[in-house]
Amino acid sequence: MFRMIAIGFAMVVAVMLVPVDSPAPAMQAGLQACPDNATAYRGTGGTYSCFCSASAARSGSVWGTQFYSDDSSICRAAVHDGWIDENGGQITFHVSHGMGGYDASFNNGVQSNDWGEWDGTFIFSVNGLPTCPENATRFRGSAESYRCFCPAQNIEAGSVWGTRVYTDDSSICRAAMHSGSATYHGGYVTLRPLPGQSGYRGSDNNGIRTNDYGAWSGSFTFE
């Protein structure tokens, strides 16, 4: 019942958001307050900028990690994902398709929740692009390339299996550094999902050591 009420509220405040190709035009136009959630934008595939008040950043429920169900609190999810703190601030989020499940985690003082299949998702973005997820398993079986932003801190963590073609549970951003698609300062990358391989060879590239692995069900490479 609560989730349905939140959906109705979001539709009322939908007109308050500014659609943008990058955050700069929205800042110049003057940002409006973020709605409680993103359900009113389901299916648009749009990118929107808005402003989170301190009270909005400190309240609401969240389902997911990096990829959030669209009835999650936008501002509370922004705190969870590290884009703002509980004092609020400007954020940009991108509306995406539904997913088969959402994972809980504890980040930046916020506990998010697990959830099953849901019809709409949002993710936070830089210059209109989402931050890269931890790995590429969610893209397994897809024929579409995916462009995202690797923050510098994501380059420094995670394990990687393979060389040029990586297991899809490898850290995307660390693999991007290994392949030369990103630097230690981060960067924009485009990954392409691939079928699983019979084996993966580790190597030393760009200061990162990757691991060997046998057969795996999904892979990715960088364009």
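The values are calculated or read from the model by the stated rules, or taken from the named source; none is laboratory data. Because the structure is a prediction, the values reported are computed rather than measured. Cβ atoms come from the backbone with ideal geometry, glycine included; neighbour counts cover every protein chain shown. Just so you know, the surface numbers come from the protein's heavy atoms only, side chains and all, with ligands and any DNA or RNA stripped out. Shrake-Rupley method; radii C 1.70, N 1.55, O 1.52, S 1.80 Å.
Before moving on, here are some points about what is shown:
- One residue alone among G214, G218 is more than 19 Å from the chain's Cα centre (by Cα) and touching a residue at least 60 places away in the same chain (Cβ under 8 Å), and that residue is G218.
- Test for W118: is it in contact with a strand residue (DSSP E or B) (Cβ under 9 Å, 6 or more places away or on another chain), touching a residue at least 24 places away in the same chain (Cβ under 8 Å) and closer than 21 Å to T137 by Cα: yes
- On the stretch given as region 179-200, residues that are buried (at least 23 other Cβ atoms within 10 Å of the Cβ) and either under 13 Å from F220 (Cα atoms) or free of Cβ contacts under 8 Å to residues at least 12 places away in the same chain (or both) total 2.
- Note on region 164-178: residues that are crowded, with 22+ Cβ neighbours inside 10 Å and of a type in the set (V, I, T) amount to 2.
- Here N127 does not fit the description of being in contact with a helix residue (DSSP H, G or I) (Cβ under 6 Å, 6 or more places away or on another chain) and either within 23 Å of V79 (Cβ to Cβ) or of a type outside the set (S, T, Y) (or both).
- Of the helices (runs of 4 or more DSSP H) contained entirely in region 41-155, those carrying at least 1 residues that are open to solvent by 60 Å² or more (accessible area, probe 1.4 Å) fall at 54-57, 152-155.
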